[in-house]
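In what follows, a structure is listed as C-alpha cells, so that the remarks can point back to it.
Coordinate-derived values only; no laboratory data. Treat the numbers as computed from the prediction; the structure is a model and nothing was measured. Every residue, glycine among them, receives a Cβ derived from its backbone with ideal geometry; neighbour counts consider all protein chains shown.
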Amino acid sequence: MFLFDTLSVVFVALIILGAVPNLFYSSGYLPHIERKAYYQLHYFAFILSMIGVVISANSLVFLFFWEIMSLSSWQLILTEPKEKSTIEAARFYFLMTHFGFVFLLLFFLIVTNGDLEISFAQMKSIAATFAYPTMLFFFLILGFLSKAGAVPVHVWLPYAHPAAPSPVSALMSGVMLKVAIYGMFRFLFDVLYPWPLQWGTFILIIGSVTALVGILYAMAERDIKALLANSSIENIGIILIAFGMGMIFDTLGLTILSTFSFIAAIFHIFNHMGFKSLLFMGAGSILHQTHTKDLEKFGGLIKAMPVTAFTFLFAAMSITALPPTNGFLSEWMIFQSILSSSSIADAMTLKLALPFALFALAMTGGLAIATFVKAYGITFLGLHRSTNAKHAKEVNFLMKSGMVLMALFIASLMLFAPQYLHFFDKLMVSLGKNSVYAQIFPNGSLQMHSLGVNGGVVSPLILFAVLVAVTSLLLFAYKVSGVRTQVHRTWACGYKTSAKIQYTATGFSGVMRRFFNWLYKPQEHVSKQNLAGHETKFSDASYEVRIKPLFEVFIYGNIKKWTNITSYWVYRLAHFEQTRYPAMIFNLMLFILYSYRIFTHELDWQSILIEMALMLMSLKILVIGEKK
C-alpha cells in the first residue's frame, strides 16, 4: 500500500520542509479567518494527502490521495467565499484539476489492465506490451502538467492562487505543484522507461514556452499574488527544461549529463519550494495589513514592515538567480546542461529546440529580474500610495516566525548546496543512474564543476564569503571615516514630491507590454475628472491597463463556445428528433468499440478503413438522413 524508497523520501522531505514554516505562518494567520474549524480540517487534510501521494505503492492508493489533495485544496480556496471571483476561481480550479484526473485514470486503467492494486513494477511489463506508448505518455503528462501548471493547461493558477488564503497559496505553489512533478519522475522512470527522443524534446519545448509565457504575464501583472502565480508557471517551465534535457541525454546514451540535468531539476524543485513559499507568505502579510493585492496601492512598507521586507527581498534575490543564491546555482546547472548539448547532431527538431530552450532560459532570467525589481520597489520603497499602506504595521510573531524559518531554509540551500546535491545524487542512483557527485565536486565542496566538455566552474561558498567580506569592509570604512548623514527633500524638478509622481506598476512594465502587444492584447482605459464639465489643464486623469489572457480567450473560450453549441444541438436532437438520437447513440457505441479494438490490438489499416466506411454509412443513413 505504501512505498518508502529514495524518491518518496526526497519528496516527503520537500513537503515537510515546506509545511513546517507554513504551520507557524498559518497559526498566526488563523485569527483573521472566520471559518477556523473548516479551514484547519481541510488544511491538514491537504498536507497529509500530499504525503500520501508520494508514498503510495499502487495506483488505487495514489488516485485516492490525489483526489483528496485536489478536493481539500479546492475547499481551501473556498474558505472565504465572499466575492464572486473567489467562487469562480474555485470552480475553474475544480474543472481543471479533474480534467487532469481523467487522463491519469485512463493511464492507470491501461497500464494495470484494470487491476489498480498491482505495484508500479508490474505496470512496466504491461506498458511495454501496449501498442501505443506515446498515447500513454500524453495521458501521463496531461494529467500531471495540468496540476503543475504548464502551458497551455496553466490558466487556473492566476485565479486560484490569489483567491486562496495566503498560507494555502504558499502550499499550493511551493509544494503541490512539485507533487505533480513527482508523478512524472515516478511513472516515467518506473513504468514508461526507456523513452524515445521525441518525448524529451516535447518536454523541453513545453518547458521553454511555459517559462516564457509565465514570466511575461508576471511582468505585466499588478495583482501581487497573481504576479507570483504567473512566476510559478515560469519556474515550472524551468524545471521542465532541465527534466527534458535529462530525458534527451538519457535517450542519446549520455548518462553522466542526463544525471546532471535531473539533479538540476530536483535542486530547482527544492529552491522554488523555498523562495516561492516565502514570497507568498510575504504577499499574504502585505495583504493582511493593507487589505489589498493591488501593487498600485502599496509603497513605503519597508519602514513599517522590516521583517517582511527583508525576507521578501531575500526570496526575490533567489528567484531572480542572483549569485551566490541557491536560485543562481540551480539555474547555472540548467544553463550548463543546455550548453553541454552543443556536440549533439541528431534530429532537426532537437537542433531547433535546444537553441530555443537556451534563448527562453536566458530571456526568462532577465525578465525575472525586471519583474521582481518592480514587485519589491513598488511595494516597499518610495512613498505610501494609499491610506492603508501608510498605517500598515508588521505582522504578528507567528507569521514572522514562519517567514524567518523559510528564509533560513533558503539560506541552507545556498550554504549547504554540496550536501543537498549529494542527497539528490543518491536519488538518481536509486533510479538506476550513475553517480556524478564526485565529478561535480572533484576538489572538495568549494568548487562546483559542470560536466560538459567545456563546462564552467562556480564556487558558491567563495562568492558568499567575498560578498560578506566586501559588505563588511564598506560598513567598516563608513564607520571609521565618520561620514556625515544629511537629509534633504527629494528634488523633483520643481514639482511637489508626492506619491502620484512615482513609478507605477503599470508604467514599469510599459515597454515590455508594447513590445509583446500581440501576446498581451492590452485593454487601455483613460478617465478624466474635469471642472464643471469643461476640459482644463487642471483635470485629474487616470490610466488603467488590463491584460487579456491569450490562452484563456483563444483556447478555452473557443472550447466553451463549441461545447455550448454541441450541447444545444444534442439537446434539440434528444427532445425533437427521437429517431435520430438513438441512432447517434448507436454510432457512438460503434466508435467506442472500434477504438477499443484499435488501442488494445495491433494496428490494422484495412480494418480501420472498413470500419470508418461502415460508420460513415450508418451516420449518413440513420443520423443525417435525406436532405429536405
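At-a-glance table
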| item | result |
| --- | --- |
| For peptides 224-237, 184-197, sequence by mean Cβ density within 10 Å, most packed first | 224-237, 184-197 |
| With Cα atoms, 0 to 90° folded angle of helix 177-190 axis to the chain main axis | 40 |
| The chain - Rg (one decimal) and Dmax (whole number), Cα, Å | 27.0, 99 |
| Estimated Rh, the range 4-156: Kirkwood, alpha-carbon pairs, angstrom | 17.1 |
| For the range 1-92, diffusion coefficient by Stokes-Einstein and Kirkwood Rh (Cα), 20 °C, 1.002 mPa s, µm²/s | 149 |
| Radius of gyration, Dmax [the range 316-358; alpha carbons; angstrom] | 13.1, 38 |
| From the C-alpha gyration tensor of the range 112-185, square roots of 5λ in Å | 31, 14, 9 |
| Helix 197-220 axis, angle to the chain major axis (alpha carbon atoms, nearest 10°) | 40 |
| Listed peptides 553-566, 401-414, 474-487 by packing density, highest first (mean Cβ within 10 Å) | 401-414, 553-566, 474-487 |
| Label-to-label distance, nm, for residues given as residue 4 and residue 559 (7 Å Cα→Cβ offset) | 4.0 |
| Inter-site label distance for residue 446 and residue 473 at 7 Å from Cα along Cβ, in nm | 1.8 |
| 0 to 90° range, to nearest 10: angle between helix 133-148 axis and the chain longest Cα axis | 30 |
| Point-charge dipole on Cβ atoms (K/R +1, D/E -1) for the chain, about Cα centre, debye to 20 | 2060 |
| Set 36/293; 84/560; 225/426; 178/351; 297/496; 124/433 screened for pairs whose C-alpha atoms are more than 25 Å apart | 225/426; 178/351 |
| Length-normalised contact order of the chain in % [C-alpha pairs under 8 Å, at least 6 apart] | 13 |
| In range of the label at residue 322: residues from the range 285-307 whose backbone nitrogen is under 12 Å from the point 7 Å along Cα→Cβ | none |
| Added length on full extension, which subtracts the Cα-Cα distance from 0.36 nm per residue, residue 434 to residue 613 | 59.2 nm |
| Computed [θ] at 222 nm, deg cm²/dmol, the chain (DSSP H ≥ 4; -39,500 (n - 2.57); rounded to nearest 500) | -22500 deg cm²/dmol |
| Phi-based couplings in Hz for the range 481-490 (Karplus 6.51, -1.76, 1.60; Gly and Pro marked x) | 6, x, 5, 7, 9, 10, 10, 10, 5, 4 |
| Fraction of the pair-distance distribution of the range 273-336 above 14 Å, Cα-Cα pairs, percent | 61 |
| Alpha-carbon centroids, the range 268-282 and the range 420-436: separation in whole Å | 23 |
